[in-house]
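Since the structure comes first, as structure tokens, the remarks are kept for the end.
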Amino acid sequence: MPVITCIEDLRRMAERRVPRVFYDYADSGSWTEQTYRENSADFSRIRLRQRVAVNMERRDLATTMAGQPAAMPVALAPTGLTGMQHPDGEILAAQAAEECGVPFTLSTMSICSIEDVAAATSSPFWFQLYVMRDRDFAAGLLDRAKAAGCSALVLTLDLQVIGQRHKDLKNGLGAPPRLTLANILNMATKPRWCLGMAQTKRWNFGNIVGHASGVEDMGTLAEWTAAQFDPTLTWDDIDWIRDHWGGTLIIKGILDPEDARIAADKGADAIIVSNHGGRQLDGAMSSLTVLPQVADAVGERCEVHFDGGIRSGQDVLKALAMGARGTYIGRAFLYGLGAMGKPGVTAALELIRKELELTLALCGRNDVHDLDLSNLVFPHQIPAPLGPYQWQPQGKLAAE
Ligand code: GLV
């Protein structure tokens, strides 16, 4: 068994083990993938401010997200077709999250159903909703999530129409997978995945097929979302969703301070600053770029959560310092899942936990709640090597 030291190790292993059509689905963005790339690249443009001789024995990562306990400020994001990265993937990821003490979010577009995940876990998980044209179906999903004990609703607003992902179109992506010759040949090179899939019955969209009237054959994902997702959705519709749900509401897909204010007005308990992992509006700003302005726009009115490009605990720390209360990982856990199933998701969470804990200490802080802009150095502040010295630290540390 190779030694896994970073998320990139898991990504490489997943790339070898997961059929191309599903690996590509996870590891791609829309159109030119500019926003997808910049989500991660912008993290590496920000530097951390090293501090020394601060007592770093105490390192507190525990927090709450939307009022619910989290062993660290990291949740598993809702991701579609997770049960195709690995057989029964949503169940395994939810169990790993539960054991690590972090929230798990089940996507509407999951393979394992709400009921499957509830039966396999004992802590409440979160449910993510896409609003369908068939509002009775959407209301039925909310009722099922409530009956399963889901403790928060994550309402996604940035995918009423689907961004074009070139690889998915070329691969003929759908669930169950389209058995094109290319897909069959590629799957034949992934015996572990095929064997696992042969042992489960979960091969299709578990929340939808058999529940939505008239949906027997979903065709490709792109065709199905175009037919079913409701492009007429507006802020006015949020009221009935919030009222029908009646519990903790997290609004996902906010990239603009004005939208953030409206979401807070609508009663969101938290918003997620997100561009859907660069899978929707290609050319939009990275999530990290807009985070401080969005956080300023809502102030204390609701929590600000973040996703987009996180591949390490250092990235989590930067997002927290820039104003996020909590973060979500999507691809980072999917790579672990595709690589090794449940132990792979645990490995991804453990890697990030350890990186966050040590980085916190090396930045001279003891508690994830104490991070702020003074822990960071931005690109325009970084002195040119051997050039005139320009950097002025922004603010002081508690120890000073
Ligand atoms: C969501 O389900 C996506 O494919 O991004």
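Where a number appears in this text, it was derived from the coordinates with a stated rule and is not lab data. Here the structure is a predicted model, which is why all the values come from computation and not from measurement. Positions of Cβ are generated from backbone atoms using ideal geometry, with glycine treated the same way; all protein chains shown enter the neighbour counts.
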Between region 305-331 and region 349-374, how far is it from one alpha carbon centroid to the other, in angstrom?
11
For residue 60, net neighbour charge (Lys/Arg +1, Asp/Glu -1) across residues whose Cβ lies under 15 Å away:
+2
How far is it, in nm, from the label point at residue 16 to the one at residue 169 when both lie 7 Å from their Cα along the line to the Cβ?
3.3
May I ask which residue of 316, 246, 260 lies farthest towards the positive end of the charge dipole of region 245-321, with charges of +1 (Lys, Arg) and -1 (Asp, Glu) on Cβ and the Cα centre as origin?
316
State the answer as a single residue: which of 127, 69, 108 lies farthest towards the positive end of the charge dipole of region 30-137, with beta carbon charges of +1 for Lys and Arg and -1 for Asp and Glu, about the Cα centre.
69
Test item: Cα-centred dipole of the chain, Lys/Arg +1 and Asp/Glu -1 on Cβ, debye:
1320
Would you mind ranking 43, 306 so that the residue whose beta carbon has the fewest other beta carbons within 10 Å leads the list?
43, 306
Given axes a ≥ b ≥ c from the Cα gyration tensor, I'd like to know whether region 31-176 is rounded (a/c under 1.5), prolate (a/b larger than b/c) or oblate.
oblate
Proximal lysines to residue 318, defined as alpha-carbon separation beneath 30 angstrom and excluding residues fewer than eight positions away on the same chain:
252, 266, 342, 354, 396
How much of the DSSP bridge set in the chain is antiparallel, in percent, rounded to the nearest 5?
20
Quote to one decimal, in nm, the extra length available between residue 281 and residue 99 on full extension: 0.36 nm per residue of separation minus the C-alpha distance between them.
62.0 nm
Once you wrap a convex hull around the alpha carbon atoms of the chain, what is its projected area averaged over all directions, in nm²?
20.1
Report, in degrees rounded to the nearest 10, the 0 to 90 angle that the Cα long axis of helix 89-100 makes with the longest principal axis of the chain.
30
Counting each pair of different Cα atoms once, what's the Kirkwood radius of region 1-46 in Å, rounded to one decimal?
12.3
Measuring from the longest principal axis of the C-alpha atoms of the chain, the long axis of helix 7-17 (C-alpha) lies at a number of degrees, nearest 10, equal to 20
So, with points 7 Å from each Cα along the Cβ direction, the residue 5-residue 185 label distance in nm works out to 3.7
Once both label points are put 7 Å beyond Cα along the C-beta direction, the residue 230-residue 37 separation in nm becomes 3.8
Residue farthest toward the positive end of the dipole of the chain, with Cβ of Lys/Arg at +1 and Asp/Glu at -1: which of 271, 235, 329?
329
How large is Rg over Rh for region 131-270, taking Rg from the Cα atoms and Rh as the Kirkwood inverse mean of 1/r across Cα pairs?
1.03
On a 0 to 90 degree scale, rounded to 10, what angle separates helix 331-340 from the longest Cα axis of the chain?
60
